[in-house]
Amino acid sequence: MTQTARTGGGRGEQSMVPEAEFESYYGRQIIKTPTWKTPDVPLYLFLGGMAGASAVLAEGAALQGNDRLEHAARWVAAAGAGAGTVALVHDLGRPERFLNMLRVLKPTSPLSVGSFVLAPFSALSSAAVASQVTGRLPLLGRLAGVGAAAFGPPLATYTAALLANTAVPAWHEAHRELPFVFAGSGATAAGGMAMLLTPPSAAGPARRMAVAGAALELAASESIKRQGLVAEPYREGRPGRLMRVASRMTAGAAVLSLVAGRSRLASSLCGATFVTASVLTRFGVFEAGIASAKDPKYVVVPQRERLARRTAG
Amino acid sequence: MGSLHGRLDDVTADAGYQPGEHPPRKGFFTDTSVCIGCKACEVACKEWNDVPDDGFELTGMSYDNTAALGASTWRHVAFVEKPLHPTTTDLGLPGMGPPGAMEHEDQGAESGDAGVRWLMSSDVCKHCTHAACLDVCPTGALFRTEFGTVVVQPDVCNGCGYCVPACPYGVIDLRKEDGRAFKCTLCYDRLKADQTPACAQACPTESIQFGDLSELRQRADTRVAELHDQGVDVARLYGHDPEDGVGGDGAFFLLLDEPEVYGLPPDPVVTTRDLGSMWRHVGAAAVTLVGIGVAAIAGRRR
């Protein structure tokens, strides 16, 4: 029934498949379209993920004494957080009031929790880079790096709750899988960016992070796409194309980096592909939600089915 | 932080007001069976609350040129023009089964409407018991008043827009030229002065009734029973049940057709019902990411 549900119109319209119809108010959407801007918000999802995972990578590299990788990853963490913050502030209707984000801490608001993750992460990752560049206060700089690595994973994953904690069907119904998509996508982006910025001899951990992230992201995305009607926006239209291209690029780069990761050219190519795929994944997820908000089908049909189940059971 | 879903009998106390010391919860009961579509509620709301216009465009779909609730539309009168089902003949037989099973009986208007059945309904913010807009607001701009209603503080709102996709009814929105979020306040200023909200005051047919929520719920039950006695089996309440997905609405309705016909979600559930699961999965994913980091380093050196 769900697959042939038609948009718009009442029952009085010429009925081709009567049992497939659902009713709506002149075909108008029920929930509001999210007002979050493109590219600000999907870009922030990407930057936050990449920065968070990079902070973890940087600390790992520091433990190994892999200076080149550590330096590159620290830069990516700080720059990603900085650029992400700019994108977030730019998205506000009243940017001059961005500090109101830190006015209260509300566990019921992932955006509030996220602000209290992003703020310390930005400060700590910047401090770590500053210490690294100037050579001053190395111990404090390293401590800042450890702190950034602690805030990094939540920074990379809270954005899944940010999207899921809404009435947007494609986001809300994917609330179990989205955090893993974002964790994987963040690892892919961080690993990929580090592969671009460091020679293959130093990029081993980055390569392994990207490949592991790719596997996680592909598995989690696949399990979203298998959900019935609510996952349709992830399979169809523009968001569907974005998701497909992203998956293919991620898988392709993972395979190539396993076989030819030690060649400079292949390593850079894989890195760039990983990063691009992560960007596309975020835009795909974001736009799938927008598409599901605009069509009353995704609101009415699953709720009708839920009501029918409740009446039957 | 109060409770996030399920039945909640004193929402005001749950929000931190002293039990027994706050006023009773206020709300609207909108009885659409007597709505005549005059839009006096829309006008009165705009006038009293000084809400700016949101364009003077014709939708071309019906007499409804307001189209939907939004940042500058806090009351919206829906005009449903449903063609009577040509193959259905109303034999006037009593209905069987629960209300809703009889949805094709078309008892709304039988008088000379050329086969069109008219439904009119004045929609408004539901002032949910579990208000997703309020719970996701990161600045605390949205708050629960002493009357149990949900209000935005414009001097705090920074226009992050989180409340917009959080609302399961599509009520609140950002005002583009202003940047901040706006919605019905249930005339908070008038309530403080012991006055009736502007829309209810202006309604000529008492389709919009204002009062203590507990009393409105009783009144609605009586009205539905009365309509059922008159043979209007399609009459049903919407948003009145404290056990529903949002813990019951502060503003609820008597409808003459399925909710989605009026542009309302048939079974809305507050997003925060799944908040615990969301945070658990976010936590598990964050730990997984740490694991990936450890594995990346622990793998072969260089």
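The values are calculated or read from the model by the stated rules, or taken from the named source; none is laboratory data. Small disclaimer: the values here were computed from a predicted structure and weren't measured. A quick note on method: Cβ atoms are made from the backbone with ideal geometry, for glycine too, and the neighbour counts reach across all protein chains shown.
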Task: Among (1) part of a helix (DSSP H, G or I); (2) more than 13 Å from the chain's Cα centre (by Cα) - the single one B:GLU260 does not satisfy - done: (2)
Task: Filter pass, B:GLY179 being closer than 24 Å to A:LEU88 by Cα and over 22 Å from the mean Cα position of the chain (by Cα) - done: yes
- [ ] Report, ordered by the first and then the second residue, all pairs with beta carbons closer than 7 Å, sequence separation of six or more or different chains, a first member in the range B:51-72 that is touching a residue at least 60 places away in the same chain (Cβ under 8 Å) and facing another protein chain (nearest Cβ under 10 Å), and a second member that is acidic (Asp, Glu) and not in a loop (DSSP other than H, G, I, E, B).
- [x] B:LEU69/B:ASP123; B:GLY70/B:ASP173; B:ALA71/B:ASP173
- [ ] Could you list all residues from the range B:1-40 that are of a type in the set (Lys, Arg) and either crowded, with 18+ Cβ neighbours inside 10 Å or in contact with a strand residue (DSSP E or B) (Cβ under 7 Å, 6 or more places away or on another chain) (or both)?
- [x] B:ARG25, B:LYS26, B:LYS39
Open item on the list: Give all pairs with beta carbons closer than 8 Å in which a residue from the range A:46-68 that is in contact (Cβ under 8 Å) with a residue 40 or more places away in the chain meets a residue that is outside any helix (DSSP H, G or I); count only pairs at least 6 apart in sequence or on separate chains.
Closed with: A:GLN64/B:ARG301; A:ASN66/A:ALA202; A:ASN66/B:ARG302; A:ARG68/A:THR198; A:ARG68/A:PRO199; A:ARG68/A:ALA202
TODO: Can you tell me which residue within the range A:178-201, out of those that are aliphatic (A, V, I, L, M) and at the interface with chain B (Cβ under 7 Å from one of its Cβ atoms), is farthest from A:ALA79 (Cα to Cα)?
DONE: A:ALA183
Task: Residues of the range B:228-247 classified as under 20 Å from B:SER207 (Cβ atoms) and either touching a His at 6+ places or on another chain (Cβ under 9 Å) or basic (Lys, Arg) (or both), total - done: 2
Open item on the list: So for the range B:77-94 (the condition being in contact with a strand residue (DSSP E or B) (Cβ under 7 Å, 6 or more places away or on another chain), at pLDDT 95 or above, within 11 Å of chain A (Cβ to nearest Cβ) and more than 25 Å from A:LEU307 (Cα to Cα)), does at least one residue qualify?
Closed with: yes
Open item on the list: Given the condition more than 13 Å from every other protein chain (Cβ to nearest Cβ) and either modelled with pLDDT of 95 or more or closer than 24 Å to A:PHE180 by Cβ (or both), answer yes or no: does some residue in the range A:296-313 qualify?
Closed with: no
Task: Conditions (1) more than 14 Å from chain B (Cβ to nearest Cβ); (2) closer than 26 Å to B:VAL294 by Cα; (3) under 22 Å from the mean Cα position of the chain (by Cα); number of the one not met by A:VAL129 - done: (3)
TODO: Read through the list (1) in a helix (DSSP H, G or I); (2) of a type in the set (Val, Ile, Thr); (3) assigned by TED's automatic domain parsing to the domain that holds B:CYS187, then give the number of the only condition that B:VAL246 fails.
DONE: (1)
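Any idea which of B:CYS157, B:CYS163, B:CYS199, B:CYS167 is farther than 23 Å from A:LEU163 by Cβ and either touching an Asp or Glu at 6+ places or on another chain (Cβ under 7 Å) or surrounded by 23 or more Cβ atoms within 10 Å (Cβ to Cβ) (or both)? So that I can check it myself, show each step before the final result.
On the way: B:CYS157 fails: farther than 23 Å from A:LEU163 by Cβ; B:CYS163 fails: farther than 23 Å from A:LEU163 by Cβ; B:CYS167 fails: farther than 23 Å from A:LEU163 by Cβ.
Only one candidate qualifies: B:CYS199.
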Open item on the list: Against the condition more than 8 Å from every other protein chain (Cβ to nearest Cβ) and outside any helix (DSSP H, G or I), how does B:VAL234 come out, does it pass?
Closed with: yes
TODO: Check whether at least one residue in the range A:290-305 is touching a Pro at 6+ places or on another chain (Cβ under 6 Å) and without any contact (Cβ under 8 Å) to a residue 40 or more places away in the chain, and report yes or no.
DONE: yes
Open item on the list: For the range B:254-271, check the following and say yes or no: at least one residue is over 30 Å from A:LEU155 (Cβ atoms), acidic (Asp, Glu) and more than 7 Å from chain A (Cβ to nearest Cβ).
Closed with: yes
- [ ] Could you list, in sequence order, all residues of the range B:272-283 that are out of contact with any Ser or Thr (no Cβ under 7 Å at 6 or more places or on another chain) and either in contact (Cβ under 8 Å) with a residue 60 or more places away in the chain or more than 7 Å from chain A (Cβ to nearest Cβ) (or both)?
- [x] B:ARG273, B:GLY276, B:ARG280, B:GLY283
TODO: Kindly indicate whether any position in the range A:33-55 is closer than 18 Å to A:LEU280 by Cα, of a type in the set (D, E, K, R) and within 24 Å of the chain's Cα centre (by Cα).
DONE: yes
Open item on the list: What's the number of the only condition in (1) in contact with a Gly (Cβ under 9 Å, 6 or more places away or on another chain); (2) within 9 Å of chain B (Cβ to nearest Cβ) that A:ASN165 fails to meet?
Closed with: (1)
- [ ] With the condition kept exactly as written, say whether any residue in the range A:16-37 is on the phi > 0 side of the Ramachandran plot and hydroxyl-bearing (Ser, Thr, Tyr).
- [x] yes
Open item on the list: Which residue is farthest from B:VAL152 (Cα to Cα), if the candidates are limited to the range B:37-73 and must be among the hydrophobic types (A, V, I, L, M, F, W, C) and more than 20 Å from the chain's Cα centre (by Cα)?
Closed with: B:MET61
Open item on the list: For the range A:234-252, which positions are surrounded by 19 or more Cβ atoms within 10 Å (Cβ to Cβ) and either touching a Gly at 6+ places or on another chain (Cβ under 7 Å) or part of a loop (DSSP other than H, G, I, E, B) (or both)?
Closed with: A:TYR234, A:PRO239, A:LEU242, A:MET243, A:ALA246
